[in-house]
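Where a number appears in this text, it was derived from the coordinates with a stated rule and is not lab data. None of these values were measured; they are calculated from a predicted model. Note: ideal-geometry Cβ built from the backbone for every residue, glycine included; neighbour counts use all protein chains shown.
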Amino acid sequence: MSQLLEKYSHIVFLGSNTGVSVAEFCEVFKCKTAETLRFHDKMFVNVADTHLSANFWRLGGTVKVVKLKLELKLSDLKLNNLVAKITELVPSFSRKYLGLSVYGSLNIGTHDLKLSIGESVSAKLGKKVKIVGSMRQAVLNTASSNKILNKGGLQIDIVALPSRDKVVVGFLQQVQDIDLWSSLDYSRPERDMKIGMLPSKLARIMLNLANIPREVGGFWDPFCGLGTLIMQGQLLSYYSYGSDVNKEVLQKAEKNVAWLKEIGLVKQLKYRLFKHDIKRNPLNNKILRDIARFGRFDAIVTEPYLGKPRSRPFATRKLAAAVWSSLRGLYKAFLRHASYLINPEGRIVFIVPAFKVRDGTWYEPNLEINRNRWKVVNFNAGKLTWRRPNSIVARQLVVIEKL
Ligand SMILES: C[S@@+](CC[C@H](N)C(=O)[O-])C[C@H]1O[C@@H](n2cnc3c(N)ncnc32)[C@H](O)[C@@H]1O
């Protein structure tokens, strides 16, 4: 019985902050989280191929997507049978390069499996295929997968699901362009570790959660810093407004945004950067006053000031709480002023920090959101927290809409 294949079309391999990735995927592809099936960092979904191919590039939090082809019983799995079934699936026009990734234990040696598939597929195609990567390597890295797809090759992914006594087999359909993402973070002209850089992938995810009308929509980042969100806004063709209290960072943000055009990633830039202190009345700023009068933003998406960068965890929760209490006023001013400037249907997506304490716990501030004015959007995807293994300040995403 092929229960999984009947219900789902693809497996999505999520980025390391899985809750955030699920929320983004379901928002972009308008699928309900309740209609997906999750196994840690893998999620079964039902999405049309054409929709996926056209929109995969928009995602920041999904590593790859595999089209489901076959479902077998794990406890009955035999090398010969698996090889025969996979060979049957391989189209006769397949090119020279063949990749194979195996997730979980199949009780079949990776070397034997790769060797047998290589021989069997070569016999079917009447030409010798080249198996990419080492014969004992269970999972190919993203760079190898990119190469296989770019060269028109075929990558087969096999996933063991012991809790269901299942093995699923699929063809890699889309994979994240890691060279592009790393150049956006590390090759741009202006970077500054001191002010804490928002990762480009997270900026993309935040914009996707803001659900801005495609091509025509616009957003504001009132703490734009070096312009990471503005750059992502340009890649998604949104009108992007960025402001900051610091004039020097605005000049750097200008350089970063202009660089996107210089390297040919964006043809036409649609952005505006200006100085503004979020604690001041926005109606005293001409640009914001005009926006409040004539249009309002479709979304406000931002990473506010998260406190001084730290190299060590807080000694006590009390010290972490003291830092939050020094930031609370800024967040309150931000929410108060954002409320004048957001379109009534628009979303505000912002980051609240969580601080690591020396005892291993996290101090998560309680941001008092006025529930008579705002509704917190729940993506049913678990915690929307983004952190790296060594993070001392984690980023929690909050998404709100006006009531
Ligand atoms: C965490 S950084 C934002 C980083 C930005 N996301 C980036 O990728 O570069 C916070 C920014 O808030 C700005 N800032 C601090 N207080 C502010 C205020 N009262 N009004 C506006 N901007 C402020 C700082 O100058 C800094 O650039």
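Here are the numbers for the structure shown:
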read-out: At R0 = 45 Å, FRET efficiency that the Cβ-Cβ distance of Asp165 and Leu283 yields, to 0.05; value: 0.10
read-out: Taking region 179-402 and dividing mean pair separation by its residue count, relative contact order in percent (alpha carbons under 8 Å, at least six apart); value: 19 percent
read-out: DSSP-loop chymotrypsin sites (Phe, Trp or Tyr not before Pro) across region 1-102, with at most 14 other Cβ within 10 angstrom; value: Phe93
read-out: When each of Lys42/Lys166; Lys42/Lys151; Lys96/Lys166; Lys279/Lys383 is checked by Cα-Cα distance, pairs over 20 Å; value: Lys42/Lys151; Lys96/Lys166; Lys279/Lys383
read-out: Expected 222 nm ellipticity per residue - DSSP helices of 4 or more, -39500 (n - 2.57), all of the chain, to 500; value: -10500 deg cm²/dmol
read-out: In Hz, Karplus ³J(HN,Hα) per residue of region 279-294 (6.51, -1.76, 1.60; θ = phi - 60°; x = Gly, Pro); value: 6, 8, 4, x, 6, 8, 9, 4, 4, 5, 4, 5, 5, 4, 7, 9
read-out: Burial ordering of Thr316, Thr385, Thr36, fewest other beta-carbon atoms within 10 Å first; value: Thr316, Thr385, Thr36
read-out: Gyration tensor (alpha-carbon) shape descriptor, region 179-402, a/c threshold 1.5; value: oblate
read-out: Set of region 210-237 residues, backbone N closer than 17 Å to the point 7 Å along the Cα-Cβ line of Tyr340; value: 220-223
read-out: Candidate lysines - alpha carbon under 22 Å from Lys270, same-chain residues fewer than 8 apart omitted; value: Lys201, Lys247, Lys252, Lys255, Lys261, Lys286
read-out: Relative contact order, percent, the chain [alpha-carbon distance under 8 Å, six or more residues apart]; value: 14 percent
read-out: Distance between region 223-272 and region 119-186 - C-alpha centres, whole angstrom; value: 35 Å
read-out: Prolate/oblate/rounded label for the chain (Cα gyration tensor, a/c 1.5); value: prolate
read-out: Highest-fluctuation residue, Asn380, Asn343, Asn81 considered, GNM on the chain with Cα pairs under 10 Å; value: Asn81
read-out: Neighbour-count ranking [beta-carbon atoms within 10 angstrom, fewest first] of Met206, Met43, Met197; value: Met197, Met43, Met206
read-out: Euclidean distance of C-alpha centroids, region 198-222 and region 68-112, integer Å; value: 39 Å
read-out: Extension gain (nm, one decimal) between Ser237 and Glu6, 0.36 nm per residue minus Cα-Cα; value: 79.5 nm
read-out: Backbone N within region 125-168 under 20 Å of label point (7 Å from Ser183 Cα along the Cβ vector); value: 142-152
read-out: HN-Hα J in Hz across region 258-268 - Karplus 6.51, -1.76, 1.60, θ = phi - 60°, x for Gly and Pro; value: 4, 4, 4, 6, 4, 8, x, 7, 10, 7, 10
read-out: Integer Hz, Karplus 6.51/-1.76/1.60 couplings in order for region 337-349, x for Gly and Pro; value: 6, 4, 5, 6, 9, 8, 4, x, 8, x, 10, 10, 10
read-out: Eligible aspartates and glutamates near Lys402 by straight Cα distance, threshold 20 Å, same-chain separation 8 or greater; value: Glu27, Asp221, Asp298, Glu303, Glu345, Glu368
read-out: Segment Trp57-His40, extension gain: residue separation times 0.36 nm, minus the distance between their alpha carbons; value: 3.9 nm
read-out: Ranking of Phe379, Phe355 by count of other Cβ atoms within 10 Å, fewest first; value: Phe379, Phe355
read-out: Prolate/oblate/rounded label for region 311-403 (Cα gyration tensor, a/c 1.5); value: prolate
